[in-house]
Amino acid sequence: MSRRRLVDIVDDEARVRDALVLLLSTAQIESRTYTSAEEYLASVRWDEPACVLLDNQLPGLSGIDLLKRIAEAASDTAVIMITGFGDVPTAVAAMRAGAYHFVQKPIDAEALLIIVEEALARSDKILDHQAETQEFGSRCALLTQREREVFALLVEGLPTKLIAHRLGITSRTAEHHRAAVMHKMQARTISHLVRMALSFGPAVGGRGGGK
């Protein structure tokens, strides 16, 4: 699925915003611009990963302060802080506050595009993981309560006979539930099932649809 390549630019200088918009467009990257941290905060959505080019010298709320707000929101936003040349303390503070990267003025266009591409790739990975986690949850919802119990024991590494003994059912019944779990979870092998559980778990929880 093709995703929108979008970067938010927060800078109070029109010429800088325009230059960044033009630079990003050369790499087929869309952009939205904001003149202040307050304007950005008024329109941001914290529930989706994003990439932000953020100037530290802003009127009102500073870039570092906005960065801290983003970090406090536990957002998956990748913030690339723009600092003045030689402003090492600000750069260090930005990284400690959770910045993905920082660039110094005058901006190296080629280097900035590389960093932005890395940030966008990171966002894609986060979105992919979110989609896979949602799909995993949907599959889990198809399991009955007994299948959830079998699932949990399979993930623990128990063979079918021990699962049957643990649950007080026959080996044949345990095999039936095991097959149902593998089918509903679309797992090719037990190791595949375990990897899904570890990546997108918790594997079991809540109530299934029957016995």
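Here segment 146-175 is the region considered, the condition is being surrounded by 14 or more Cβ atoms within 10 Å (Cβ to Cβ) and of a type in the set (S, T, N, Q), and the residue that is nearest to the chain's Cα centre (by Cα) is THR160.
Out of contact with any Leu (no Cβ under 8 Å at 6 or more places or on another chain) and touching a residue at least 12 places away in the same chain (Cβ under 8 Å): does that describe ALA97? Lay out the reasoning, then the answer.
Details: out of contact with any Leu (no Cβ under 8 Å at 6 or more places or on another chain): no; touching a residue at least 12 places away in the same chain (Cβ under 8 Å): yes.
No; evaluated as a whole, the condition is false for this residue.
Of these, GLU110, GLU156, which one is under 30 Å from MET81 (Cα atoms) and either among the acidic types (Asp, Glu) or without any contact (Cβ under 8 Å) to a residue 40 or more places away in the chain (or both)?
Numbers: GLU156 fails: under 30 Å from MET81 (Cα atoms).
Answer to the check: GLU110.
Looking at this structure, is PHE85 of a type in the set (Phe, Trp, Tyr), closer than 15 Å to ASP11 by Cβ and either modelled with pLDDT of 90 or more or in the same structural domain as ARG17 (by TED's automatic domain parsing) (or both)? No, not satisfied.
Taking the conditions (1) touching a residue at least 24 places away in the same chain (Cβ under 8 Å); (2) more than 21 Å from the chain's Cα centre (by Cα) in turn, PRO89 satisfies each one other than (1).
Which condition number in (1) polar (S, T, N, Q); (2) in a helix (DSSP H, G or I); (3) without any contact (Cβ under 8 Å) to a residue 40 or more places away in the chain; (4) in the same structural domain as ASP55 (by TED's automatic domain parsing) is the one that THR173 fails? Evaluating THR173 over (1) polar (S, T, N, Q); (2) in a helix (DSSP H, G or I); (3) without any contact (Cβ under 8 Å) to a residue 40 or more places away in the chain; (4) in the same structural domain as ASP55 (by TED's automatic domain parsing) leaves (4) as the failure. Considering segment 1-11, and only residues there that are in contact with a Ser or Thr (Cβ under 9 Å, 6 or more places away or on another chain) and surrounded by fewer than 17 Cβ atoms within 10 Å (Cβ to Cβ), the residue that is farthest from ILE115 (Cα to Cα) turns out to be ARG3.
Each row is one residue, and each column tells you yes or no for (1) aliphatic (A, V, I, L, M); (2) farther than 30 Å from TYR100 by Cβ.
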site: SER123; (1), (2): no, no
site: SER138; (1), (2): no, yes
site: ALA152; (1), (2): yes, yes
site: ILE169; (1), (2): yes, yes
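Looking at segment 35-45, can you tell me whether even one residue there is outside any loop (DSSP other than H, G, I, E, B), charged (D, E, K, R), under 26 Å from ASP128 (Cβ atoms) and in the same structural domain as ALA119 (by TED's automatic domain parsing)? No: zero hits.
Here are ALA71, ALA42: which of them is surrounded by fewer than 16 Cβ atoms within 10 Å (Cβ to Cβ), of a type in the set (A, V, I, L, M, F, W, C) and at pLDDT below 90? Spell out the reasoning first.
Numbers: ALA42 fails: at pLDDT below 90.
From the options ALA71, ALA42, the qualifying one is ALA71.
Residues in segment 6-45 that are of a type in the set (Lys, Arg) and under 22 Å from the mean Cα position of the chain (by Cα): ARG32, ARG45.
The values are calculated or read from the model by the stated rules, or taken from the named source; none is laboratory data. All of these numbers come straight from a predicted model, not from anything done at the bench. Neighbour counts are summed over all protein chains in view; Cβ atoms, including those assigned to glycine, are modelled from backbone coordinates with ideal geometry.
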